[in-house]
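Notes follow once the structure below has been shown.
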Amino acid sequence: MVQIRSVGVIGAGQMGSGIAHVCALGGYDVLLHDVSEDRVKQGLSTIEKNLTRQVSRGIIEPAAMEAALGRIKAAPELQTIGKTDLAIEAATEDEEVKKAIFKALSPHLAANTILASNTSSISITRLASTTDRPGRFIGLHFMNPVPLMNLVEIIRGIATDADTYETAVNFAKSLGKTTSNAEDFPAFIVNRILVPMINEAIYTLYEGVGTVDAIDTAMKLGANHPMGPLELGDFIGLDTVLSIMNVLYEGLSDSKYRPCPLLVKYVEAGWLGRKSGRGFYDYRGEKPVPTR
């Protein structure tokens, strides 16, 4: 099996910065890449803030924070990611974007580099087929927020080698994560169950069964959920929720996965949730306010 010492992360957003964070804390040398230098700087800033928060809460020692920050380097050029032992793509949940990244990276890969995608719904087999190494390609679906969530879904494509799978499992466990094996079907396990629930909550709002506040309060107090489904949708990003619902609807051809028209309208309006300032809640004031 390949011994992982260095990790390249493609995408410095919420997921990519979180993955880089836990990899650096786990003792790996990390290269962080994004399409612009500003995004990488923002990602590094987010990592430092989150590590500082962990220190203030007594989760890690200040020395561990300093060591982790010293292990993370910006990678302005995508090709430098090819020198790492494990390259993890954490770009937007768009199949064509992900395929383009892997195609651009492939000519620069070292012979033994393992490729992974953090996709939350897209076929690992299809993504792997765009590379020169489908046997060394795997799904590593980290949960959001990565530093706090304990699970990593491991998804094998049809061509994934047994050694690649074992290496991926051992790598995730070395980060202190628990792994769950999911077969390569649309949205895997977590989002196959979670995102249709959010979509159903949006239908409940769309059909006038309850208000935003009533739906979220009902699920928090009636089902003991830590966050209501509409608040959770805003946290994930409504564009991502819509993308996953479309993958389920198209991949399984079942009407129960049809995205709610209200979800589509919110995404068309650019009301994507927390990251855009508005979704099912308006986050531009001191306190989130329901938009419906």
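Read-outs throughout are calculated quantities, based only on the coordinates presented, and are distinct from any laboratory measurement. Quantities reported herein were computed from a predicted structural model and do not represent experimental measurements. Using ideal geometry, Cβ is built from the backbone for each residue, glycine included, and neighbour counts are taken over all protein chains shown.
Data for the structure
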| read-out | value |
| --- | --- |
| Overall form of segment 116-173 per C-alpha gyration tensor (a/c, 1.5; a/b vs b/c) | oblate |
| Per-residue [θ]222 nm for the chain (sum of -39500 (n - 2.57) over DSSP H runs n ≥ 4, rounded to 500) | -14000 deg cm²/dmol |
| Charge-dipole axis of the chain as Lys and Arg at +1 and Asp and Glu at -1 on Cβ define it, positive-most pick from 149, 123, 139 | 149 |
| Rel. contact order, % - alpha carbon contacts under 8 angstrom, at least six apart, segment 191-290 | 27 percent |
| Dipole magnitude of the chain about its Cα centre (Cβ charges: Lys, Arg +1; Asp, Glu -1), debye to nearest 20 | 360 debye |
| 200, 286, 250 arranged by Cβ crowding within 10 Å, fewest neighbours leading | 286, 250, 200 |
| Cross-link reach list, aspartates and glutamates versus residue 103, counting only Cα pairs under 19 Å and skipping chain neighbours closer than eight places | 34, 77, 85, 89, 93, 94, 95, 132 |
| Inter-probe distance in nm under a simple model that places probes 7 Å from Cα toward Cβ, at residue 3 and residue 292 | 5.5 nm |
| About the Cα centre, charge dipole magnitude for segment 64-203 (Lys/Arg +1, Asp/Glu -1 at Cβ), debye | 240 debye |
| Average Cα contact separation per residue, segment 6-182, under 8 Å, 6 or more apart, as relative contact order % | 21 percent |
| Sequence-distant aspartates and glutamates (8 or more away, or on other chains) whose Cα lies within less than 14 Å of residue 49 | 66 |
